[in-house]
Amino acid sequence: MENTTVLMAMKDLTGRYLFANKRFLDAFNLNAEEIMGRSDFDLFPEVFAGSIWSSDLEAIRTGEVREHEHVLETEGRKHIYKTVHQVLRNSAGKPEVIITETENVTRRRHAEDQLRIAARVFENAGEAIAITDAKGMIQSINEAFTRITGYEMEESIGQSIGRLLKSGRHSKDFYDRMWSDLNRRGYWQGEIWNKRKSGEVYPEWLNINRVDNKDNEVEYFVAVFSDITDLKDSQRKIEFFSDARYPHESA
């Protein structure tokens, strides 16, 4: 189980354990008697042990504090440990023991990986994405938002998304129904007309999701939309040719 509290151990210059605190022992399911006088190669898989010992040697060689990350695979799962290695010297100034502080950073690295993935998806999405605060003020946009609306990042952040893009084509009742759905169901989707920076009014398909905090209060709104101008044009052409081919009979 991951424990963010630092695990500490002490080894001699040959890599034999002299001491380990309880958190270290518990984290690796070891006991004090089991580790005394043994090396990492006696206790852990070879790859992990070799990585740790390499960092120890670097600290001995340079006389400096060294930080590294190491991967330990157990039962098909990968655990990532961040270690800090330093050498303590005796009164004569000669290296005497190696102190290693270890922290399990698996969850942190996983969360960071997920954030990086989310960021790539956010930026590379073909649909426009805007994140606003509870009052509808824009906090973040992606490149597709700029491509569709014409507004750059610096022109959008801190602006009301409603005032920035409002086309004037919808009634107060339309927006009242939208907010009613957001408050009642937590999301709204539908066709809406908005306005680009150029002043051009265009149709879009819009999805809005409400994101609540742990107290069930609105924290963010995430708006995802796509320009459906081409789709609307195609629909009009189909309707035109359909009417031309099958004209209505006169009464």
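For region 80-146, report the convex hull volume of the alpha-carbon atoms normalised per residue, in Å³, without decimals.
Convex hull of Cα atoms, per residue: 165 Å³.
Let me have the 222 nm mean residue ellipticity of the chain computed from DSSP H runs of 4+ only, each contributing -39500 (n - 2.57), with the sum over all residues rounded to the nearest 500.
-11000 deg cm²/dmol
Ranked by Cβ crowding within 10 angstrom, fewest neighbours first, how are Phe174, Phe145 ordered?
Phe174, Phe145
Using only the Cα atoms of the chain, construct the convex hull and provide its projected area averaged over every direction, in square nanometres to one decimal.
Averaged projected hull area, Cα only: 24.2 nm².
Dividing the alpha-carbon Rg of region 7-110 by 2.2 N^0.38 Å yields what?
Working: Rg = 13.4 Å, N = 104, 2.2 N^0.38 = 12.8 Å.
That works out to 1.04 for region 7-110.
State the Cα centre-to-centre distance between region 162-199 and region 75-110 in whole Å.
That distance is 55 Å.
Any idea how many Lys pairs in region 7-110 come in under 23 angstrom at the alpha carbon, given 8 or more places apart or on separate chains?
So the count works out to 5.
Would you mind ranking Ser91, Ser140, Ser39 by Cβ crowding within 10 Å, fewest neighbours first?
Ser91, Ser140, Ser39
What is the fewest-to-most order of His85, His110 by other Cβ atoms lying within 10 Å of their Cβ?
The order, fewest Cβ neighbours first, is His110, His85.
Where nothing but the Cβ of Lys and Arg (+1) and of Asp and Glu (-1) is charged, how large is the charge dipole of region 7-110 around its Cα centre, in debye to the nearest 20?
Numbers: 15 positive and 17 negative charges, 61 e Å.
Here region 7-110 has a charge dipole of around 300 debye.
Any read-out appearing in this document is the output of simple, stated calculations on the displayed coordinates, not a laboratory observation. Predicted, not measured: the structure shown is a model, and the values here were computed from it. Backbone-built Cβ (ideal geometry, glycine too); neighbour counts: all protein chains shown.
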